[in-house]
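First comes the structure, then the notes that go with it.
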Amino acid sequence: MADLNKLGIAEARDALRKGDVTSMELTEACLGAIEDAGALSAFVHNTPDIARAQAAAADTRIKSGDAPDMCGIPLGIKDLFCTKGVPSQAASRILEGFKPEYESTITQQLWDAGSVMLGKLNMDEFAMGSSNEMSVYGDVVNPWRRGNDDAPLTPGGSSGGSASAVAADLCLAATGTDTGGSIRQPAAFVGITGLKPTYGRCSRWGVVAFASSLDQAGPMTKSVRDAAIMLGAMAGHDPKDSTSAELAVPDFEAALTGDIRGKKIGIPKEYRMEGMPPEIEQLWADGTAMLKDAGAEIIDISLPHTKYALPAYYVVAPAEASSNLARYDGVRFGHRAKIGHGDGITEMYEKTRAEGFGPEVQRRVMIGTYVLSAGFYDAYYNRARKVRSLIKKDFEDVFAEGVDAILTPATPSAAFGLGEMANADPVQMYLNDVFTVTVNLAGLPGIAVPAGLDKQGLPLGLQLIGRPWEEGDLLNTAYALERAAGFVAKPAKWW
Amino acid sequence: MSIDTATAARVAKLARIAVPQEELPKLADELNGIIAFMEQLNEVDVEGVEPMTSVTPQRLKRREDVVTDGSQQKAVLANAPDAREGFFAVPKVVE
């Protein structure tokens with residue numbers, strides 16, 4: 001078989017079981033592709049020795065007939081996941097040299113299922129960013145380009161390395177994390193599938209924390225079926241994460257019947273933003289028509305507090321980040337600044353954090369510190385938490401009316417150029433998350449599915465939002481949309 | 001509400017991030033831009049609304065109050081920038 005790195009999880013699984021291919025062959029194909037793709041800056045810590053050892057073990061297991069779906073599948077892992085003995089630095093200077101003594105629950109589950117780790121993937125520092133330009137490793141480059149224009153584009157963020165790696169076939173799939181859209185926005189920017197599960201579906205243990213009430217890991221894959229398979233291996237209750245749900249993990253792949261007849265799909269009027277590019281509006285209308293043709297009932301709905309989701313998010317997320325990132329003090333792990341004569345421990349903290357955190361992380365930690373400080377806690381933080389309750393209630397109300405899923409655009413634009421936002425104020429960059437952030441605030445599952453190309457030849461995605469804990473049903477609707485959209489475009493290889 | 005350079009300096013101090021004096025005006029500007037964006041929340045009527053504490057209604061689970069882990073001094077200290085004699089080492093704290 002040629003170009004084994006181009007396979008998805010489902011095809012590879014079937015070929016492995018039939019004996020048509022070995023995990024070692026898949027792994028070597030990916031390692032070769034990674035070697036070739038330095039220009040994308042997607043992989044930042046390669047682990048070929050681990051990969052080969054895991055692939056050999058997977059091949060033995062497959063031969064013995066005891067092979068879970070993910071057995072032998074080579075994956076890329078976002079740098080936010082702690083992987084034992086392998087650098088895990090959340091793309092931050094402050095975690096330079098950090099090699100965890102433990103393995104995150106999700107990656108452990110993937111290795112237990114027989115998956116293969118190719119290496120760690122670039123991202124925005126501490127998952128704070130929407131363009132992957134906030135990384136100590138440098139910018140990730142999107143494998144897609146605007147027609148013949150060779151200006152480098154962003155793969156989105158924060159899971160930009162994961163997105164770029166999957167789209168460029170450097171791995172079969174990758175893990176991502178999503179606090180405000182960090183799986184779905186990059187997935188849409190590179191034309192792949194990205195699923196943020198219900199908050200609590202996947203354990204957060206061993207995933208470097210950004211905003212604990214919003215963070216959720218999920219799969220970034222080449223198809224909806226692959227997302228269903230990979231979620232099955234990532235999900236599950238974990239006593240080490242007190243917010244992980246004690247729910248059985250259903251067979252998500254079995255839910256993919258493609259039959260959505262009678263399903264009620266909500267179209268929220270508040271997502272029709274002023275200044276939305278006509279191509280995004282068209283894509284959304286096309287997606288709506290596809291679901292209708294597949295037998296779904298389309299219902300106009302209202303989510304009245306949508307407009308306030310981004311400002312609420314930019315209070316809640318930095319507040320939680322300022323607490324979570326207090327642990328980076330130069331004492332227990334990572335970087336410590338050189339201190340001057342007579343400097344005490346406070347100067348050590350201040351210099352370490354000034355050197356170790358990049359500008360966006362510093363900004364968010366300080367905003368969080370401000371909104372939590374005496375005198376402002378009620379005005380900002382508590383008010384934002386109240387607005388968050390209202391945003392969640394908006395969704396509960398439409399679900400109570402019988403809506404099964406909500407269709408929206410995934411992003412307000414196609415991928416933009418690296419550096420194009422350099423002079424914009426931070427708030428402009430935050431607007432990238434306008435369609436995705438509501439889902440995190442309400443703890444719901446959301447999926448980005450590639451649905452078309454814009455006139456420059458760049459992929460565009462649609463988002464489906466589901467009821468809590470009903471990822472199976474959501475994936476099935478996404479599967480119907482994927483089949484109808486028939487998106488098969490791939491970036492032309494230039495790297 | 002507006003953040004002046006003195007407030008920016010206070011926030012930086014609280015966050016334990018060293019910000020040079022000459023960068024405080026730019027920082028204050030940036031923080032003001034973000035705070036202005038947040039002010040939109042004042043348009044929302046939140047009378048009688050409970051602040052959200054958890055997206056899924058759940059009581060934090062309790063467990064037996066017993067030791068479940070430990071005796072990993074080497075692993076705990078393995079990543080420390082400065083560990084000596086089984087301890088984390090820091091600059092002098094008390095004069």
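Hey, fewest Cβ within 10 Å first, where do B:Phe37, A:Phe399, A:Phe189 land in order? Write out the running numbers ahead of the final one.
On the way: B:Phe37 18, A:Phe399 21, A:Phe189 36.
Least crowded to most crowded, the residues run B:Phe37, A:Phe399, A:Phe189.
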Problem - Set of aspartates and glutamates near A:Lys63 by C-alpha distance (under 16 Å), chain-local residues within fewer than 8 positions excluded - result: A:Asp14, A:Asp20, A:Glu25
Handout entry: Separation in nanometres of the label points that stand 7 Å from Cα toward Cβ, at A:Ala489 and A:Asp49
Key = 4.3 nm
Fill in the blank from the handout: Cα convex hull volume per residue for chain A, in Å³, equals 142 Å³
Completion exercise
Among B:Ala83, B:Val94, B:Leu24, the residue whose Cα sits farthest towards the positive end of the charge dipole of chain B, when +1 is placed on the Cβ of each Lys and Arg and -1 on the Cβ of each Asp and Glu, is B:Ala83
Practice task
Report, by chain and number, residues whose modeled amide H sits under 5 Å from the one on A:Tyr199, excluding near sequence neighbours (fewer than 5 apart, same chain).
Solution key: A:Leu444
Handout entry: Phi to ³J(HN,Hα) by Karplus 6.51 cos²θ - 1.76 cosθ + 1.60 over the stretch A:393-401, Hz, x for Gly, Pro
Key = 5, 3, 5, 4, 5, 6, 5, 5, 7
Problem - Other protein chain Cβ atoms within 10 Å, averaged over every residue that makes up A:346-355 - result: 5
Problem - Loop trypsin sites (Lys or Arg not before Pro), the stretch A:305-390, which have at most 10 other Cβ atoms in a 10 Å radius of their Cβ (DSSP) - result: A:Lys338
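Would you mind computing Rg(Cα) / (2.2 N^0.38 Å) for chain B, counting N as its residues?
Cα Rg divided by the expected 2.2 N^0.38 Å: 1.80.
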Fill in the blank from the handout: Once phi for every residue in the stretch A:332-337 is put through the Karplus expression 6.51 cos²θ - 1.76 cosθ + 1.60 (θ = phi - 60°), the whole-Hz ³J(HN,Hα) values, with Gly and Pro written as x, are 9, 7, x, 6, 10, 5
Problem - In Hz, Karplus ³J(HN,Hα) per residue of the stretch A:119-129 (6.51, -1.76, 1.60; θ = phi - 60°; x = Gly, Pro) - result: x, 9, 10, 4, 6, 6, 3, 6, 6, 9, x
Completion exercise
About its Cα centre, chain B carries a charge dipole, from +1 on Lys and Arg Cβ atoms and -1 on Asp and Glu Cβ atoms, whose size in debye to the nearest 20 is 680 debye
Problem - Contact order relative to length of the stretch B:1-83, as percent, for alpha carbon pairs under 8 angstrom and 6 or more apart - result: 24 percent
Handout entry: Stretch in chain A that is longest and holds no GluC sites (Glu not before Pro) that DSSP places in a loop and that have at most 16 other beta carbons within 10 Å
Key = A:102-245
Handout entry: Relative contact order computed over chain A (Cα-Cα under 8 Å; 6+ residues apart), in percent
Key = 18 percent
Completion exercise
Non-local residues with an amide H under 5 Å from the amide H of A:Leu153, with H modelled 1.01 Å from N and Pro and chain starts lacking one, are A:Asn142, A:Leu418
Exercise for the section: Could you list A:Tyr313, A:Tyr479 in order of exposure, starting from the residue whose Cβ has the fewest other Cβ atoms within 10 Å? Expected result: A:Tyr479, A:Tyr313
Fill in the blank from the handout: Any residue on another chain or 5+ positions along whose placed amide H is under 5 Å from the amide H of A:Val44 is listed here as A:Lys120, A:Leu121, A:Asn122
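Within the stretch B:18-70, which GluC sites (Glu not before Pro) sit in a loop by DSSP and count at most 10 neighbouring Cβ atoms inside 10 Å?
B:Glu47, B:Glu64
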Problem - All lysines inside 24 Å of B:Lys92 as judged from Cα atoms, apart from same-chain residues fewer than 8 positions distant - result: A:Lys338, A:Lys351, B:Lys13, B:Lys74
Problem - Net +/- balance of residues flanking A:Pro359 in space, Cβ distance below 14 Å, scoring K and R +1, D and E -1 - result: -4
Exercise for the section: Using the Cα centre as the reference, give the magnitude of the dipole from point charges on the C-beta atoms of the protein assembly as shown (Lys, Arg: +1; Asp, Glu: -1; all else neutral), rounded to the nearest 20 debye. Expected result: 800 debye
Handout entry: Share antiparallel - DSSP beta bridges, the stretch A:1-150, percent rounded to 5
Key = 45 percent
Practice task
May I ask you to list the aspartates and glutamates whose Cα is less than 14 Å away from that of A:Lys392, ignoring any residue fewer than eight positions away on the same chain?
Solution key: B:Glu50
Fill in the blank from the handout: Ranked from fewest to most other Cβ atoms within 10 Å of their own Cβ, A:Trp144, A:Trp469, A:Trp495 fall in the order A:Trp495, A:Trp469, A:Trp144
Practice task
Work out the mean other chain Cβ neighbour count within 10 Å for the residues of A:367-378 and drop it here as an integer.
Solution key: 4
Handout entry: Shielding by partners, peptide A:195-204 (average Cβ within 10 angstrom, other chains)
Key = 1
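Values quoted throughout were computed directly from the atomic coordinates according to the rules given, and no laboratory measurement underlies them. On a predicted model such as this, the values are computed, not experimentally measured, just so you know. Cβ: placed from backbone, ideal geometry, glycine included. Neighbour counts: every protein chain shown.
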